[in-house]
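The values are calculated or read from the model by the stated rules, or taken from the named source; none is laboratory data. Just so it is clear, the model here is predicted, and its values are computed rather than measured. Don't worry about glycine lacking a Cβ; one is built from the backbone with ideal geometry, like all the others, and counts go over all protein chains shown. These accessible areas exclude ligands, DNA and RNA; they are computed on the full protein's heavy atoms, side chains included. Shrake-Rupley method; radii C 1.70, N 1.55, O 1.52, S 1.80 Å.
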Amino acid sequence: MKTRNTVLTGLAIAIFALVLWLADKNLGGYAMRILNLSAIYVVLSLSLNLVNGFTGLFSLGCAGFMAVGAYVSALLTMSPEVKEMNFFLEPLAPWLARLTLPFALALVAGGFCAALAGLVVGIPVLRLKDDYLAIATLGFSEIIRVVITNLQGLTNGAQGLKNIPKFSTTWTVWGVAALVVAFMALLTRSSYGRQLKAVRDDEIAAEAMGVNVFRVKVTSFTISSFLAGVGGALLGHMITTIDPKMFSFMLTFNILLIVVLGGNGSITGSVIASILVTVLMEALRFLDEPLNLFFFKTNGLPGLRMVVFSAMLMAVVILRQRGLMGDQELTWSGFEKAGLLPRSKKGASK
Amino acid sequence: MLKIENLSVHYGGIHALQGVSLEVPEGKIVTLIGANGAGKSTTLKAIIGLIKTSGGSVSWNGKSLAGMPTKDIVESGIVLVPEGRRVFANLSVDENLSLGAYARKDKSAVEADRARVFKLFPRLDDRKKQKAGTLSGGEQQMLAVGRAIMTRPKLLMMDEPSLGLAPLVVKMIFDIIKEINAEGTTILLVEQNAKAALMAAHFGYVLETGRITLEGEGRQLLADDRVRKAYLGEAL
Ligand SMILES: Nc1ncnc2c1ncn2[C@@H]1O[C@H](COP(=O)(O)OP(=O)(O)OP(=O)(O)O)[C@@H](O)[C@H]1O
Ligand SMILES: [Mg+2]
């Protein structure tokens, strides 16, 4: 049944690509932006899911790594003129002011710098457990923000960066998202993925089997930081302005929300929740505007959207405690069991 | 051969092991029995490097294990089956077994051992794809033992493998222990079930509040009055 599943997967990808192509042609810039934003959230939520869901490390440092990736990639791609315009308070370090790299290279560089930050933070911090780890990573994320605010000559401080080249096109963001999904699917099914889950389930037993628990944690954390860096860079190249305030805890919170909603430890769950949350956040925007239902009038309640959204989140968590997907995946064999696909002769493998 | 001399472990102010010495000769089954809290689990954890020792030495085939990280100790051929059904709850039965063979390179022998585990525990065979966390308590213990078989170490240390199992399954597990021993695996067994352990073992040690108080051949200890009174619950 492997071949059938491969064919189905190929077909699904082709259909999705076609839908994207049609959307890109026919939808307005605003709608496309939302769609593309959800691709970036796919990358970010998988990054967080890798540590939280698959490795069982409660990390809240996401926004910090995103900031690193976003700044590195932005600074490496902006033209010298744009840089000069941005840095009017204090000039940018000369070696960087003249440097302009191709986007792909800058994106990877952003990821690598974030990964390096992850490695440096991870080695001392990953010896901590649960809540302590959460607090330490959260603290790190805030430190990054303060550092960026104060490195005027490198980051332009609180003014942030404007006119970042708009490289995050539909194909770029969805291409990266697809790569990351494929990478995660391969990783979690490999023997390395088994080690991650073993560490998550029982550290002592994993250690007693000879798994190098600490190294597994550091590796997972570093890969996750890389992905967060790439996601942050894509975000910067999409909205074209970044500043330190943008990378606050609220950003991490949004991503955490997606991961929990989709299901800790489920790739497909994260993908579905990313799209759902991003689209809903926009769709519910009308709630913040003046409403005029014939029995009910408001004159604009900013924040009502978040209230409704939080209520929906609570409902999901109460009704399905482990998120939409739990730690299960949507698979073709799952569809088959649900009777949505004709049954194959032999029991379907993955 | 594993040789422990004068081993001492502190947990904060508690002196859990107060100079324990014991030997596990190659090819033998050695058992360590003792009351709750005597320090049996502590001894095993100290050997495999999961906790810090505060004195004494552990040597394995002449080489000191002091300060070695656990994964290196495992690689040198010592494996611990920790107490209390520590299976990986969200992994399937099959994946749990694969993790047992984590440190092994001999792929084909691994598959032979997997087949063997399934033959020993047909219940596990029927539940290959089931998550370990959803197995019954006894099935989880079978899986923990099966996973230990998959490790194929030179020295296998088991912490209360018979805990919570039906008598028939306990007997089966002791048979398996003897069988893998006959195939060349040295075994250090910690048990509450003193009678079964001493019957299976070549040599036994009695641990009392962090000290070895008695040692001798398995059958000889079984006949010892103090052992019979304290650990076999016999009125003399
Ligand atoms: N992490 C720890 N911190 C503090 N004290 C501990 C710790 N682990 C064990 N102890 C103490 O050390 C002593 C020995 O514990 P150990 O687990 O080795 O006993 P045991 O012989 O295995 O008992 P049982 O048969 O009940 O499993 C006990 O008094 C226990 O309370
Ligand atoms: Mg114990």
Cβ-Cβ distance below 6 Å, separation of 6 or more or different chains: which pairs start in the stretch A:76-103 with a residue that is within 18 Å of A:F167 (Cα to Cα) and end on one that is of a type in the set (S, T, Y) and open to solvent by less than 30 Å² (accessible area, probe 1.4 Å)?
A:F103/A:T77
Across (1) open to solvent by 60 Å² or more (accessible area, probe 1.4 Å); (2) under 28 Å from A:Q195 (Cα atoms); (3) touching a Ser or Thr at 6+ places or on another chain (Cβ under 8 Å), A:F112 clears everything bar (3)
Of the numbered conditions (1) within 16 Å of ligand 2 (Cβ to nearest atom); (2) touching a Phe, Trp or Tyr at 6+ places or on another chain (Cβ under 8 Å), B:P82 satisfies every one except a single condition; which is it?
(2)
Checked the stretch B:103-115 for anything touching a residue at least 40 places away in the same chain (Cβ under 8 Å) and open to solvent by 30 Å² or more (accessible area, probe 1.4 Å); matches are B:A103, B:R104, B:A109
Restricting the search to the stretch B:186-210, which residues are away from ligand 1 (no atom under 13 Å from the Cβ) and in a helix (DSSP H, G or I)?
B:K195, B:A196, B:L198, B:M199, B:A200
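Would it be correct to say that A:L161 is in contact with a strand residue (DSSP E or B) (Cβ under 8 Å, 6 or more places away or on another chain), more than 14 Å from chain B (Cβ to nearest Cβ) and within 30 Å of A:K83 (Cα to Cα)?
Criteria met by A:L161.
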I'm trying to understand the selection: among the residues of the stretch B:66-96, which are among the hydrophobic types (A, V, I, L, M, F, W, C) and either surrounded by fewer than 21 Cβ atoms within 10 Å (Cβ to Cβ) or within 16 Å of ligand 1 (Cβ to nearest atom) (or both)?
B:A66, B:M68, B:L80, B:V81, B:A89
Selection over the stretch A:236-257 where residues are within 15 Å of A:S59 (Cβ to Cβ) and touching a Ser or Thr at 6+ places or on another chain (Cβ under 6 Å) yields a count of 1
Filter result for the condition that a residue is modelled with pLDDT under 90, in a helix (DSSP H, G or I) and open to solvent by 30 Å² or more (accessible area, probe 1.4 Å), over A:M246, A:M250
A:M250
Cβ pairs under 6 Å, 6+ apart or interchain, first in the stretch B:41-58 and more than 15 Å from B:L207 (Cα to Cα) and more than 16 Å from ligand 2 (Cβ to nearest atom), second open to solvent by less than 40 Å² (accessible area, probe 1.4 Å) and in a helix (DSSP H, G or I), ordered by first then second residue, are B:G49/B:T70; B:G49/B:I73; B:T53/B:A46; B:V58/B:I47
Kindly check whether there is at least one residue in the stretch B:121-129 that is more than 19 Å from A:A205 (Cα to Cα), more than 16 Å from ligand 2 (Cβ to nearest atom) and aliphatic (A, V, I, L, M).
yes
Note on the stretch B:20-47: residues within 13 Å of ligand 1 (Cβ to nearest atom), out of contact with any Gly (no Cβ under 6 Å at 6 or more places or on another chain) and not polar (S, T, N, Q) are B:V20, B:L32, B:I33, B:G34, B:A35, B:G37, B:A38, B:L44, B:K45, B:A46, B:I47
Inside the stretch B:30-83, can you point out the residues that are part of a helix (DSSP H, G or I), more than 14 Å from chain A (Cβ to nearest Cβ) and at pLDDT below 90?
none
Search the stretch A:217-238 for residues that are crowded, with 24+ Cβ neighbours inside 10 Å and pair each with any residue that is basic (K, R) when their beta-carbon atoms are under 8 Å apart and the residues are at least 6 apart or on different chains.
A:H237/A:K166
Residue pairs within 9 Å by beta carbon, gap of at least six or interchain, first lying in the stretch A:148-161 and on the phi > 0 side of the Ramachandran plot and touching a residue at least 40 places away in the same chain (Cβ under 8 Å), second of a type in the set (S, T, Y) and in a loop (DSSP other than H, G, I, E, B), listed first then second, are A:G160/A:T241
Long-range neighbours under 8 Å by Cβ, at least six apart or interchain, first residue buried (at least 19 other Cβ atoms within 10 Å of the Cβ) within the stretch B:161-183, second basic (K, R)
B:N181/B:K28
Mind checking whether some residue in the stretch B:92-104 is within 13 Å of another protein chain (Cβ to nearest Cβ), under 14 Å from A:G210 (Cβ atoms) and among the hydroxyl-bearing types (S, T, Y)?
yes
Selection status of A:L256, within 24 Å of A:I135 (Cα to Cα), open to solvent by less than 50 Å² (accessible area, probe 1.4 Å) and not acidic (D, E)
yes
Given the structure, is A:L186 away from chain B (no Cβ under 14 Å), open to solvent by 60 Å² or more (accessible area, probe 1.4 Å), in a helix (DSSP H, G or I) and closer than 30 Å to B:V79 by Cβ?
yes
Go through the stretch A:189-211 and give me each residue that's more than 10 Å from chain B (Cβ to nearest Cβ) and buried (at least 17 other Cβ atoms within 10 Å of the Cβ).
A:L196
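Sort through B:K229, B:K154, B:K195 and tell me the only one that's open to solvent by 10 Å² or more (accessible area, probe 1.4 Å) and modelled with pLDDT of 90 or more.
The conditions single out B:K154.
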